[in-house]
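Undergrad: One structure, as structure tokens, below. Some questions next.
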Amino acid sequence: MASPEIEALTQALSRLPGLGPRSARRAVLHLIKKRETALVPLLGALERVSERLSTCSVCGNVDTSDPCAVCADPRRDARALCVVEEVADLWALERSRLFPGRFHVLGGRLSALEGVRPEDLAIDRLVARVADGGVDEVVLAMNATLEGQTTAHYLAERIEAYPVRITQLAHGLPVGGELDYLDEGTLAQALRARRPVV
């Protein structure tokens, strides 16, 4: 069907999230068909990123510079620190452009089943950042899972001795969500977090 090199490219693409073997094959065919406008620029971009990729020594973000673009931005409010599980969570919050502060990536979440302990995450670096001062609020933006909430609780206990306000993202009804389609856990959280209308 295809040469070993093209087959290897298809296999490599099929290992990416959201791409199965059929989608990878379609992507490879597109790249081959549009060699000059798609394949060559993609190769150049991948090579440049591969050469310059680094993990930010301040927050744990992945970027092509250290400190990353978020940490280097002087317009950021250094008094607000948002803690996330993974880089993907930081990028999602950045896309919203709603959080003006800085970030801290843990590199995962606590999980007894998966053997992830506090020392496996960037928790000590977080505590050190808070202890250094200058932070007024720590936003715990953990996922609404058992492990995420366990991690948030553990972090709150670790930093409660410092003079910072500890908050977490609200959980509950999604915008446009219909009650009939929501699970019991989401409904329970929404009821617990209810607030006055006026």
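The values are calculated or read from the model by the stated rules, or taken from the named source; none is laboratory data. Being a predicted model, the structure only gives us computed values, none of them experimental. We place every Cβ from the backbone using ideal geometry, glycine too, and count neighbours over all the protein chains shown. Heavy atoms of the whole protein, side chains included, go into the accessibility calculation; ligands, DNA and RNA do not. Shrake-Rupley method; radii C 1.70, N 1.55, O 1.52, S 1.80 Å.
Undergrad: In region 23-44, is there at least one residue being hydroxyl-bearing (Ser, Thr, Tyr), outside any helix (DSSP H, G or I) and more than 30 Å from Thr145 (Cβ to Cβ)?
TA: Narrowing region 23-44 to residues hydroxyl-bearing (Ser, Thr, Tyr): 23, 37.
If we keep only those that are outside any helix (DSSP H, G or I) too, we end up with none.
There is no residue in region 23-44 that is hydroxyl-bearing (Ser, Thr, Tyr), outside any helix (DSSP H, G or I) and more than 30 Å from Thr145 (Cβ to Cβ).
Undergrad: For Ala193, indicate whether it is without any contact (Cβ under 8 Å) to a residue 24 or more places away in the chain, surrounded by 15 or more Cβ atoms within 10 Å (Cβ to Cβ), under 26 Å from Gly101 (Cα atoms) and out of contact with any Phe, Trp or Tyr (no Cβ under 6 Å at 6 or more places or on another chain).
TA: Working: without any contact (Cβ under 8 Å) to a residue 24 or more places away in the chain: yes; surrounded by 15 or more Cβ atoms within 10 Å (Cβ to Cβ): no; under 26 Å from Gly101 (Cα atoms): yes; out of contact with any Phe, Trp or Tyr (no Cβ under 6 Å at 6 or more places or on another chain): yes.
No.
Undergrad: While we're here: Given the options Leu110, Leu106, Leu126, Leu146, name the one that is in contact with a Phe, Trp or Tyr (Cβ under 8 Å, 6 or more places away or on another chain) and either of a type outside the set (Lys, Arg) or modelled with pLDDT of 95 or more (or both). Let's see the steps before the verdict.
TA: On the way: Leu106 fails: in contact with a Phe, Trp or Tyr (Cβ under 8 Å, 6 or more places away or on another chain); Leu126 fails: in contact with a Phe, Trp or Tyr (Cβ under 8 Å, 6 or more places away or on another chain); Leu146 fails: in contact with a Phe, Trp or Tyr (Cβ under 8 Å, 6 or more places away or on another chain).
It is Leu110.
Undergrad: Also, quick follow-up: Which count do you get for residues in region 145-157 that are surrounded by 15 or more Cβ atoms within 10 Å (Cβ to Cβ) and either of a type outside the set (Ser, Thr, Tyr) or closer than 18 Å to Val87 by Cβ (or both)?
TA: Going through region 145-157 one residue at a time, the tally reaches 6.
Okay, residues lined up against (1) small (Gly, Ala, Ser); (2) under 20 Å from Ala92 (Cβ atoms); (3) part of a helix (DSSP H, G or I):
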position: Arg109; (1), (2), (3): no, yes, no
position: Leu113; (1), (2), (3): no, no, no
position: Gly134; (1), (2), (3): yes, no, no
position: Val138; (1), (2), (3): no, yes, no
position: Ala144; (1), (2), (3): yes, yes, no
position: Gln149; (1), (2), (3): no, yes, yes
position: Ala152; (1), (2), (3): yes, yes, yes
position: Glu157; (1), (2), (3): no, no, yes
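Undergrad: I want to confirm something. Restricting to region 173-190 and keeping residues that are among the acidic types (Asp, Glu) and in a loop (DSSP other than H, G, I, E, B), which single residue is most open to solvent (accessible area, probe 1.4 Å)?
TA: Here is the first cut: in region 173-190, the residues among the acidic types (Asp, Glu) are 178, 180, 183-184.
Restricting the remaining residues to those that are in a loop (DSSP other than H, G, I, E, B) gives 178, 183.
On the way: Glu178: 110, Asp183: 81 Å².
Filtering first and then ranking leaves Glu178.
Undergrad: Only one of these is buried (at least 16 other Cβ atoms within 10 Å of the Cβ) and without any contact (Cβ under 8 Å) to a residue 12 or more places away in the chain: Leu39, Leu81. Name it. Give the steps one after another, and end with the answer.
TA: Values: Leu81 fails: without any contact (Cβ under 8 Å) to a residue 12 or more places away in the chain.
On inspection, the qualifying residue turns out to be Leu39.
Undergrad: Taking the criterion of being over 19 Å from the mean Cα position of the chain (by Cα), in a strand (DSSP E or B) and farther than 16 Å from Glu94 by Cα, would at least one residue in region 55-62 satisfy it? Walk me through how you get there before you give the answer.
TA: Step one: list which residues in region 55-62 are over 19 Å from the mean Cα position of the chain (by Cα), which gives none.
Scanning region 55-62, I find no residue that is over 19 Å from the mean Cα position of the chain (by Cα), in a strand (DSSP E or B) and farther than 16 Å from Glu94 by Cα, so the answer is no.
Undergrad: Hey, can you tell me all the residues within region 86-142 that are small (Gly, Ala, Ser), open to solvent by 20 Å² or more (accessible area, probe 1.4 Å) and more than 19 Å from Cys71 (Cβ to Cβ)?
TA: We begin by selecting, within region 86-142, every residue small (Gly, Ala, Ser); these are 88, 92, 96, 101, 107-108, 111-112, 115, 122, 128, 131, 133-134, 141.
Still in the running and open to solvent by 20 Å² or more (accessible area, probe 1.4 Å): 88, 92, 96, 107, 112, 115, 128, 131, 133-134.
Passing the criteria: Ala112, Gly115.
Undergrad: Residues in region 164-172: is at least one surrounded by 14 or more Cβ atoms within 10 Å (Cβ to Cβ), touching a Ser or Thr at 6+ places or on another chain (Cβ under 7 Å) and modelled with pLDDT under 80?
TA: yes
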